[in-house]
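Enquirer: Before we start, here is the structure in question, set down as structure tokens.
The values are calculated or read from the model by the stated rules, or taken from the named source; none is laboratory data. As the structure is a computational prediction, the values presented were derived from the model and not from experiment. Glycine gets a Cβ as well: all are built from the backbone with ideal geometry, and neighbour counts include every protein chain shown.
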Amino acid sequence: MPIESDVAWYLDVWNWLAVPTNAVAFAQVLAAIVTAFATIALWHVTRILAVETKVLSSMTSRPFVVFSFQSSLAAAEALDSMVSNTGNATAFDVEVTISPALPNGNGSRDPEKEESKFLVSLLPPGAAIPKQGVMSRDVYEETFSVDASWSSSPNSAKRERIRYNIQPQDGFRAGWRVKGDHQIAEELEKIRKLLPK
């Protein structure tokens, strides 16, 4: 008996759909349901995209401060310790702490000084400030711990921070690509003296 009633129900539905006006009505209801589901899915995807865009926008419009070693223009065997803002906004109240302390220019170290600390009140985006020169022979194989912190507005209690380890050899180019103008002028002077008159 249940099988006959199911078959009868299917036949009733089929006969109802055979009427052209009913088939159009059913197609309209089905299209409305599909459109509703598609609208909900589109809203969900658009909401996710809006949240991700907001996060990306905030990430790309913030300062980001790093400390690094770079070959110096002063001499081929020298390194400059640099505080750089690689972000897209101005960094304020920058504090960089390097441990162990950097050696003096002559290679000596102060036994009472455990860390070097650099303070910069304002660092525009893309700016890099050399803080202390060191000779590569004095620091080449050492590993330094860097703790850099900064804020996005002056005197703000909210600060961003990054901690990492760095080796001076990562930024050392042995002066081949960074000869200063005065060194090039000296080399040209030597060549000029060697040429016959």
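Enquirer: Just name the residue that is surrounded by the most Cβ atoms within 10 Å (Cβ to Cβ) out of those in region 91-102 that are small (Gly, Ala, Ser) and in a strand (DSSP E or B).
Expert: 91
Enquirer: So is residue 74 assigned to a loop (DSSP other than H, G, I, E, B) and not polar (S, T, N, Q) or not?
Expert: Considered against the rule, which asks whether it is assigned to a loop (DSSP other than H, G, I, E, B) and not polar (S, T, N, Q), residue 74 comes out as yes.
Enquirer: Would you be able to tell me the number of residues in region 11-40 that are surrounded by 10 or more Cβ atoms within 10 Å (Cβ to Cβ) and modelled with pLDDT under 80?
Expert: The number of residues fulfilling the criteria is 9.
Enquirer: From the list 53, 46, 86, which one is within 12 Å of the chain's Cα centre (by Cα), surrounded by fewer than 17 Cβ atoms within 10 Å (Cβ to Cβ) and farther than 17 Å from residue 144 by Cα?
Expert: Selected residue: 86, the only one of 53, 46, 86 that is within 12 Å of the chain's Cα centre (by Cα), surrounded by fewer than 17 Cβ atoms within 10 Å (Cβ to Cβ) and farther than 17 Å from residue 144 by Cα.
Enquirer: Same structure, new question: Looking at the structure I just gave you, is residue 81 within 30 Å of residue 153 (Cβ to Cβ), assigned to a helix (DSSP H, G or I) and not β-branched (Val, Ile, Thr)?
Expert: No.
Enquirer: If you don't mind, another one. From 113, 131, which residue is within 30 Å of residue 61 (Cβ to Cβ) and over 22 Å from the mean Cα position of the chain (by Cα)?
Expert: Testing whether each residue is within 30 Å of residue 61 (Cβ to Cβ) and over 22 Å from the mean Cα position of the chain (by Cα) leaves just 131.
Enquirer: Can residue 108 be described as in the same structural domain as residue 130 (by TED's automatic domain parsing), more than 34 Å from the chain's Cα centre (by Cα) and either at pLDDT below 90 or of a type outside the set (A, V, I, L, M) (or both)?
Expert: So residue 108 passes the test.
Enquirer: Sticking with this one: Residue check: is residue 53 out of contact with any Lys or Arg (no Cβ under 9 Å at 6 or more places or on another chain), farther than 30 Å from residue 184 by Cβ and either without any contact (Cβ under 8 Å) to a residue 12 or more places away in the chain or in the same structural domain as residue 156 (by TED's automatic domain parsing) (or both)?
Expert: So residue 53 fits the description; yes.
Enquirer: On the basis of being of a type outside the set (Asp, Glu), over 25 Å from residue 63 (Cα atoms) and either modelled with pLDDT under 90 or in a loop (DSSP other than H, G, I, E, B) (or both), does residue 87 make the cut?
Expert: Considered against the rule, which asks whether it is of a type outside the set (Asp, Glu), over 25 Å from residue 63 (Cα atoms) and either modelled with pLDDT under 90 or in a loop (DSSP other than H, G, I, E, B) (or both), residue 87 comes out as no.
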